[in-house]
Every structure is written in structure tokens, then in C-alpha cells.
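K.L.:
Could you have a look at this structure, given as C-alpha cells, before my questions?
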Amino acid sequence: MRLVHRPETDVMGLQVVAGFDRLHVVVPELWDAMFARRDELPAPPDGRYAEASVQLGGGRYRETVGVALVHPPKTRSVAVPRGMSVARLATGLFVTHRHEGDVGDIASGFQAIYDWAEGQDLELGTLKLDIGYTTDCTAQAHDLFINVLG
């Protein structure tokens with residue numbers, strides 16, 4: 001675990017809002033739909049796609065799956081394909097952890113971040129970023145991030 005400063009980042013792709021109890025169904029469907037349309041998006045710089053998650057309250061989350069684009073503010077010139085959205089992640093301090101294992105165990109990677117942050121007396125926010133998905137679903141390292149408040 002470590003603290004990193006992330007620049008403002010856009011995750012461009014498909015988006016859904018759903019209750020926590022539905023995420024296990026709607027997010028895999030969202031990935032399938034996004035991968036079917038991936039040629040409409042800029043190629044991910046390192047071949048890995050991203051998922052941004054924002055807890056909205058009341059057990060609801062906004063999930064955006066697609067390409068993570070880091071842009072200086074004056075170069076936001078990438079057109080958003082029809083039917084797609086952009087989740088803008090503000091610059092800030094994040095706790096990061098590299099998850100080396102099955103994609104089905106990513107929740108445990110995020111839990112490790114929460115546990116570590118608690119031991120450091122850090123208050124975490126509601127924004128998560130996971131970079132590491134590939135079109136062929138091969139085992140891949142995932143870089144996980146959760147924003148730090150304050």
C-alpha cells in the first residue's frame with residue numbers, strides 16, 4: 001500500500017447506476033457491452049481498461065467502464081461516442097494497491113486498502129478506480145485506487 005497523487009483522469013465508456021445488490025449482474029453485462037464497442041474509444045495507453053466506481057448513497061453506485069484518459073485541462077479534445085459517458089476523477093491523493101490475482105477477488109484488494117487506511121488514520125472517500133481489465137480476460141495485475149478525504 002502507498003499514497004499517490006493522481007492527476008485529473010477521465011474514464012470514458014459505458015455507465016450504469018445500480019444498487020449494490022445488482023452490481024454483480026449489471027457490471028459484467030456492462031463490460032461485455034463496452035468491449036463490443038471498444039473500437040469507438042481511444043486505445044488504452046497500456047492495453048488495460050478501467051472501471052470507476054462512485055458510491056452515490058442509499059446503497060447505489062455509478063459504475064463507468066472503459067478507457068482511463070489523463071489529460072492536461074487544455075487538451076480535453078477526445079469526442080465521447082454516442083451513448084457513452086465520462087466519469088471525471090478529480091486530482092487528489094489516493095491509496096493504491098496492486099492486486100495480483102483472480103479478478104473475482106478484487107473486492108479483497110479493495111478491502112486491504114480500507115484496512116491499511118484505517119491503521120494509518122486516513123479517511124477514505126467514495127471513489128474507486130480499478131485499472132487492469134483486458135479484452136481477453138487474461139490474468140492481469142490490477143492497480144486499485146481509493147481517494148483520500150481531507
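K.L.:
Roughly how many nanometres apart are two label points built 7 Å out from the Cα toward the Cβ at residue 107 and residue 82?
P.N.:
Output for this residue pair reads 3.8 nm.
K.L.:
Work out from phi, with θ = phi - 60° and the Karplus expression 6.51 cos²θ - 1.76 cosθ + 1.60, the ³J(HN,Hα) of each residue of the range 110-119, listed in order in whole Hz, and give x for Gly and Pro.
P.N.:
The phi angles translate into 5, 4, 4, 5, 4, 4, 5, 4, 4, x Hz.
K.L.:
Now for a separate question. Starting from the Kirkwood Rh over alpha-carbon pairs, what translational D in µm² s⁻¹ does the range 2-148 have by Stokes-Einstein at 20 °C and 1.002 mPa s?
P.N.:
Answer from the Stokes-Einstein relation: 137 µm²/s.
K.L.:
Now for a different question. Angle, helix 20-36 long axis vs. longest principal axis of the chain, Cα atoms, 0 to 90°, nearest 10?
P.N.:
40 degrees
K.L.:
What do you get when you divide the Cα radius of gyration of the range 78-140 by 2.2 N^0.38 Å, with N the number of residues?
P.N.:
Relative to the 2.2 N^0.38 Å estimate, the range 78-140 comes out at 1.38.
K.L.:
What whole-number distance in Å separates the alpha-carbon centres of the range 118-150 and the range 28-100?
P.N.:
Going from one Cα centre to the other spans 13 Å.
K.L.:
Run the helix sum for the chain: -39,500 (n - 2.57) per DSSP H stretch of 4+ residues, divided by residue count, reported at 222 nm to the nearest 500 deg cm²/dmol.
P.N.:
-7000 deg cm²/dmol, from helical runs alone.
K.L.:
From the alpha carbon gyration tensor of the range 1-41, can you work out the equivalent ellipsoid semi-axes (sqrt of 5 times each eigenvalue) and give them in Å, largest to smallest?
P.N.:
Ellipsoid semi-axes (Å, largest first): 23, 18, 9.
K.L.:
Sort 37, 48, 2, 98 by Cβ crowding within 10 Å, fewest neighbours at the top.
P.N.:
2, 98, 37, 48
K.L.:
Need one number: nm distance between label points at residue 120 and residue 8, each 7 Å from Cα along Cα→Cβ, rounded to one decimal.
P.N.:
According to this spin-label approximation, the distance is 2.5 nm.
K.L.:
Here's another thing I want to ask about it. Considering Cα pairs under 8 angstrom that are at least six residues apart, work out the relative contact order of the chain and quote it in whole percent.
P.N.:
Computed value for the chain: 32 percent relative contact order.
K.L.:
Using the beta-carbon distance between residue 98 and residue 135 and R0 = 25 Å, what value does 1/(1 + (r/R0)^6) give for FRET efficiency, to the nearest 0.05?
P.N.:
The calculated FRET efficiency here is 0.75.
K.L.:
Quick one: 114, 61, fewest Cβ neighbours within 10 Å first, how do they rank?
P.N.:
Neighbour counts put them in this order, fewest first: 114, 61.
Readers should treat all values here as calculations from the given coordinates under stated rules, not as data from a laboratory. Everything quoted here is computed from the prediction, not taken from an experiment. Note that each Cβ is placed from the backbone with ideal geometry, even for glycine, and that neighbours are counted across all protein chains shown.
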